[in-house]
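Here's the structure we're looking at; comments come further down.
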Amino acid sequence: MGTIAMRVVPTLPRPDRPRSAVAAAVWAATVSQDAAWLWTACLLGWALLALSWIDAEHMRLPDALTLPLLAAGVAAQAMLASERFIESVLGAVIGYLGFRAIALTYRLCRGREGLGGGDAKLLSVAGAWVGWMALPDVVLLAAMFGLGLAATLRMRGRAIDRVAVIPFGPCLALALWIVYLYGPFLFGWR
C-alpha cells in the first residue's frame, strides 16, 4: 500500500471472538441439522471469521489459512455434493482469475494497487465452496457490504476518499458465508 494511503482499519469494531464463533455455529444450525453439513459449515464459518479478523487488523489474508480453505472447499464438494465437484473446481479458477484480472486492470489504470492478491484467493475459496455460478452473488453481496462499511466509517467521521484503504476480506467472507448457508439468489444450485 502506498504511504499516502489512509488506514481506516483501527476504526473497525472488534467483535468478541468466542461469541462470534458460537454465533456462527448456531447460525449454521438454524439452516440444517445434518451433522456432516453442519460440521463442514462450522469449519468454513470459523475459518472465515479468522480470516476476517486478520484482514481487518493487518490488511492481509494469509496463505496459511486461505489455501487450505480452498482445498477444503473442493474436498467438501467432492464428499458432500459430488455432482457439484466440477462447478467447485471451475469456481475456484474463475474466482481467482476474475479478481486478478480486475486487480491488474485497476493497477494499469490507476498506477497503484486496489485489490490485493489475498482477496483473489478468497474469491477462489468462495468458488470452491459454492461453485462458479454463485460467484456473482458473492461479489454482489461483498460489494454491498463494502459500500455499507465505507458509509458507516464515513458517518463516523472518517475520510473515505480515493486513497482510503478498507479491508475487503471481511466483506467477501460474510458474503461467502451467506451464499453458502442459503444458496445464491441470482443463479441457483440448490
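What follows is calculated from the coordinates using simple rules that are stated; it is not laboratory data. Model, not experiment: these values are computed from the prediction. Here the Cβ positions follow ideal geometry from the backbone for every residue, glycine too, while neighbour counts run over all protein chains shown.
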Using only helices, what value at 222 nm comes out for the chain when you add -39,500 (n - 2.57) per DSSP H run of length 4 or more and divide by the total residues, to the nearest 500 deg cm²/dmol? -23500 deg cm²/dmol
Rank Thr66, Ala21, Ile102 by how far each Cα sits towards the positive end of the charge dipole of the chain (+1 on Lys, Arg Cβ; -1 on Asp, Glu Cβ) and give me just the farthest. Ile102
Percent relative contact order for the chain, counting Cα pairs under 8 Å at least six residues apart, stands at 28
Would you mind putting 177-185, 127-135 in packing order, based on average other-beta-carbon counts within 10 Å, highest first? 127-135, 177-185
If you line up the long axis of helix 169-182 against the longest principal axis of the chain, both from Cα atoms, how many degrees apart are they, to the nearest 10? 30
Please give the direction-averaged projected area of the C-alpha convex hull for the chain, in square nanometres with one decimal. 10.7
Would you kindly derive the ³J(HN,Hα) couplings of the stretch 152-157 from the backbone phi angles with the Karplus curve 6.51 cos²θ - 1.76 cosθ + 1.60 (θ = phi - 60°), listing them in order in whole Hz, with x for Gly and Pro? 4, 4, 5, 5, 7, x
Under the rule rounded for a/c under 1.5, else prolate if a/b exceeds b/c, else oblate, using alpha carbon gyration tensor axes a ≥ b ≥ c, the stretch 102-190 is classed as oblate
Tell me, what does the Kirkwood hydrodynamic radius of the stretch 59-131 come to in angstroms if you use every pair of distinct C-alpha atoms? 12.4
Check: the chain dipole with +1 on Lys, Arg Cβ and -1 on Asp, Glu Cβ, in debye: 680
Along principal axes, largest first, the alpha-carbon spread of the stretch 18-105 in whole Å comes out as 43, 37, 20
³J(HN,Hα) computed for each position of the stretch 140-149 - Karplus, 6.51 cos²θ - 1.76 cosθ + 1.60, integer Hz, glycine/proline x: 4, 4, 4, 5, 4, 5, x, 5, x, 5
Amide H partners (placed H, <5 Å) of Val165, local residues excluded: Met6, Val8
Is the shape of the stretch 99-151 rounded, prolate or oblate, going by the alpha carbon gyration tensor and its root eigenvalues a ≥ b ≥ c, with a/c under 1.5 for rounded and a/b larger than b/c for prolate? oblate
